[in-house]
Amino acid sequence: MTDTSDTTARPGRRAVFEAALRRRSMRIAATSTAAVLLAIVLLVPLAPGWEAVKKSFFNGPVFSKTFPGLLDAFLLDIAIFAWSLPLIAILSLVVAICRDIQRPALYPLKLFATLYTDIFRGLPVILVIYLIGFGVPGLGLPRPWNSPYIWGSLALILVYSAYVAEVIRSGIESIHRSQRSAALSLGLSSGDTMRFVVLPQALRNVVPANMNLVIALQKDVALLSFVGPVEIFRQAGVYKSLYANFTPYVGAALIFLIITIPATRYADYLMHKRRRIEQ
Amino acid sequence: MRTMLRLAGVQKSFGTHHVLRGIDLDVDAGEMVCLIGASGSGKSTLLRAINLLDPIDDGEIVFDGVDIAEPGLDPQPIRQRIGLVFQSFNLFPHMSAEANVMLAPGRVKGLRKAQLKAPVTELFQRFGLGDRMGHYPDQLSGGQQQRVAIIRALAMQPEILLFDEITSALDPELVAEVLDVLRRLREEGMTMILATHEMGFARELADKVCFLDGGRIIEAGPPAQIFDNPQEQRTRQFLSQLL
Ligand SMILES: Nc1ncnc2c1ncn2[C@@H]1O[C@H](COP(=O)(O)OP(=O)(O)OP(=O)(O)O)[C@@H](O)[C@H]1O
Ligand SMILES: [Mg+2]
């Protein structure tokens, strides 16, 4: 009671207890991780095939010779990702809005949008890439319209737009109908109500869910290698044949992780923040 | 007195639930009409019907000489002239108070921000919120939010304002500041229909009180008659339950 500033500066009983608890769990985690690592480092080399695996998967010279080339090829992944993303954003928004249509005259649009999401969410990505990536160029279109880049990317765009549209639609549905009522009661058109009142709130609510899809897309770009583009996965394959060594695949994996781990952490952080706000 | 709004035989069902069973009501310009009645008696439904948020099944809603219940009529221009304030405020949470108010005049009337700034600021000041224009709804008290909602409706310069139990969601100490706003509007001659549980307020300010029960207006008249000398058994029952 004599000096309040002193009591606020000193950690309370609870903080002391929690700090101790944290230190203890930190010790447990560190010890167990070290034990597992040690076991791996000591035991794996004892395996009869370890020398062979080390030479073909963790080969230093091959790694340093191929890594720059892999990075180069990864630029193509980034390019495909970068041009697909805005197109996915637009297409998914259009589809989500069509699915929300209530006016009977526009019902065919709604039906079409529903069919679209059902079909493309119901197929394995790789199958769509094969069908479109081989199928359309097979029509014998003139250059550049026979390029697997275009049709492979289109396959990704179609599949991911279906998923993103579904996420956006769930966001739209999560906005209470009283928001719509309020906007309409002011004399706003239903288009303006969607654009200025419902969508901004809906999109903000689904940012974390869409972040996860963006990360998945970033990885799935590698699937395009099956229809032609020499992106990182394909390039790693080329190096593998060249050096008769699997190390380039490990290099490619590293490059993916450098991008996806921070992105995943960020998505989790957003998700966590949202939950805290909602509570 | 000019009749601003005339309801005749208004019917509305939700599925098999017959909520409005023939409502007749005249509202003159500058009049304040209070709707009272038990929960579920159809007050909100009636106000939403007048604002054309829910289409009615049968009957007429004549507003300024035009039957606005005509099926197929574009509701948007009508809604601009009829304001509605909700029990739960329904402010847009992603916009500042000022943006909430400016959205509709900006989009619907095509007014630019610069043109709106002065009249909107004046509205905020008039209702004691001049220093809250930049706040977001979650930074405002319930009473302040409801006043912003009223300002938002007023900014469209409606010819009639509908209020749906706008003080029911408020803490008791915040009710007075919102009722004060209504008092001011009353003095300025705004035509208003209020669904309310504030009987004291209805008695003080209403020109006409309508008692809704079972989807009909059972009894209507000046507040003195309804509150002090109700003719219908049901009205008496309802009022005695409140005491
Ligand atoms: N959209 C809807 N769908 C189905 N039923 C509805 C809908 N809106 C209202 N109702 C029903 O209509 C009846 C009247 O509801 P209304 O909200 O108009 O009553 P109220 O007089 O405003 O009640 P309160 O005083 O509780 O606000 C209720 O039984 C309600 O369940
Ligand atoms: Mg109600």
Revision key, fill the gap. Using alpha-carbon positions, the gyration tensor of the stretch A:5-46 gives root eigenvalues a ≥ b ≥ c; with a/c under 1.5 called rounded, otherwise prolate if a/b exceeds b/c, else oblate, the class is prolate
Practice item. Can you figure out the FRET efficiency of residue B:28 with residue A:174, using R₀ = 41 Å and their beta-carbon distance, to the nearest 0.05? Key: 0.45
Check your understanding: Percent relative contact order of the stretch A:60-278, based on C-alpha pairs within less than 8 angstrom and at least six residues apart?
Key -> 29
Revision key, fill the gap. With a 1.4 Å probe and ligands and nucleic acids left out, the total accessible area lost when A pairs with B, in Å² to the nearest 100, equals 1700
Review point. What value, in deg cm²/dmol to 500, does the helix sum -39500 (n - 2.57) over DSSP H runs of n ≥ 4 give at 222 nm once divided by the residues of chain A?
Key: -25500 deg cm²/dmol
Check your understanding: Using the eigenvalues of the Cα gyration tensor, what equivalent ellipsoid semi-axes result for the protein assembly as shown when each is taken as the square root of five times the eigenvalue, whole Å, largest first?
Key -> 62, 32, 20
Check your understanding: How long is the gain from residue A:65 to residue A:112 if the chain were fully straight, where each residue apart is worth 0.36 nm and the alpha carbon distance is subtracted?
Key -> 11.9 nm
Check your understanding: Given the options B:224, B:202, B:153, which has the most mean-square fluctuation in a GNM of chain B, springs set between C-alpha atoms less than 10 angstrom apart?
Key -> B:224
Revision key, fill the gap. Taking only the alpha-carbon positions of the stretch B:92-170 as identical scatterers, the Debye log10 I(q)/I(0) at q = 0.25 Å⁻¹ comes out as -1.31
Review point. At what distance in angstrom do the alpha carbon centres of the stretch A:156-234 and the stretch B:113-153 lie from each other?
Key: 32
Exercise for review: Report the local net charge at residue A:75: Lys and Arg +1, Asp and Glu -1, summed over other residues whose C-beta lies under 15 Å from its C-beta.
Suggested key: -2
Study note, to complete from the structure: Restricting to Cα pairs under 8 Å and 6 or more apart, the percent relative contact order of the stretch B:1-110 works out to 24
Review point. At a 1.4 Å probe, which residues in the stretch B:91-111 are at least 40 Å² less accessible with all protein chains present than in their chain isolated?
Key: B:92, B:94, B:103, B:107
Practice item. Over chain A, give the accessible area per residue in Å² for a 1.4 Å probe, as an integer. Key: 60
Practice item. At q = 0.14 Å⁻¹, work out log10 I(q)/I(0) for the stretch A:60-278 with the Debye formula, treating every Cα as an identical point scatterer and leaving solvent out; two decimals please. Key: -0.95
Check your understanding: Per 5 Å bin, what percent of the C-alpha pairs of chain B does each bin hold, from zero upward?
Key -> 1, 6, 14, 17, 19, 17, 13, 8, 4, 1, 0, 0
Check your understanding: With each label point set 7 Å from Cα along the Cα-Cβ vector, what nm distance links residue A:123 and residue A:147?
Key -> 2.2
Revision key, fill the gap. Interchain or sequence-distant (5+) residues whose placed amide H lies within less than 5 Å of the amide H of residue B:219 are B:211
**Study point:** Cα convex hull of the stretch B:50-125, projected area averaged across orientations, nm²
**Key:** 6.8
Check your understanding: What FRET efficiency comes out for the pair residue B:113/residue B:8, r = Cβ-Cβ distance, R0 = 25 Å, nearest 0.05?
Key -> 0.05
Exercise for review: Quick one: pull the percent of accessible area on the protein assembly as shown belonging to carbon and sulfur, 1.4 Å probe, ligands and nucleic acids left out.
Suggested key: 61
Review point. Near residue A:107, within a Cβ-to-Cβ distance under 13 Å, what is the net charge of the other residues, with Lys and Arg +1 and Asp and Glu -1?
Key: +2
Practice item. Only Cα pairs under 8 Å and at least 6 apart count here; give the relative contact order of chain B as a rounded whole percent. Key: 26
Point to revise | Protein-protein interface of the stretch A:198-213, residues with accessible area decrease of at least 20 Å², isolated chain reference, 1.4 Å probe | key: A:201, A:204
Study note, to complete from the structure: Output ordering of A:11-18, A:63-70, B:107-114, B:27-34 (per-residue mean of other Cβ within 10 Å, highest first) is B:27-34, A:63-70, B:107-114, A:11-18
Revision key, fill the gap. Cα-Cα longer than 32 Å, checked against A:219/A:273; B:43/B:117; B:12/B:208; B:117/B:208, kept in input order, equals B:43/B:117; B:117/B:208
Review point. Using alpha-carbon positions, what is the distance between the centroids of the stretch B:185-208 and the stretch B:1-80, in Å?
Key: 18
Revision key, fill the gap. Comparing each residue of the stretch A:150-188 in the complete protein assembly with the chain by itself (heavy atoms, probe 1.4 Å, ligands and nucleic acids ignored), those losing at least 10 Å² of accessible area are A:177, A:178, A:179, A:181, A:182, A:184, A:185, A:186, A:187, A:188
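The values are calculated or read from the model by the stated rules, or taken from the named source; none is laboratory data. Just so you know, these numbers come straight off a predicted model, no measurement behind them. Methodologically, a virtual Cβ is constructed for each residue, glycine included, from the backbone with ideal geometry; neighbour enumeration extends over all protein chains shown. Each accessible area value is taken on the protein alone, full model and side chains, heavy atoms only, with ligands, DNA and RNA left out. Shrake-Rupley method; radii C 1.70, N 1.55, O 1.52, S 1.80 Å.
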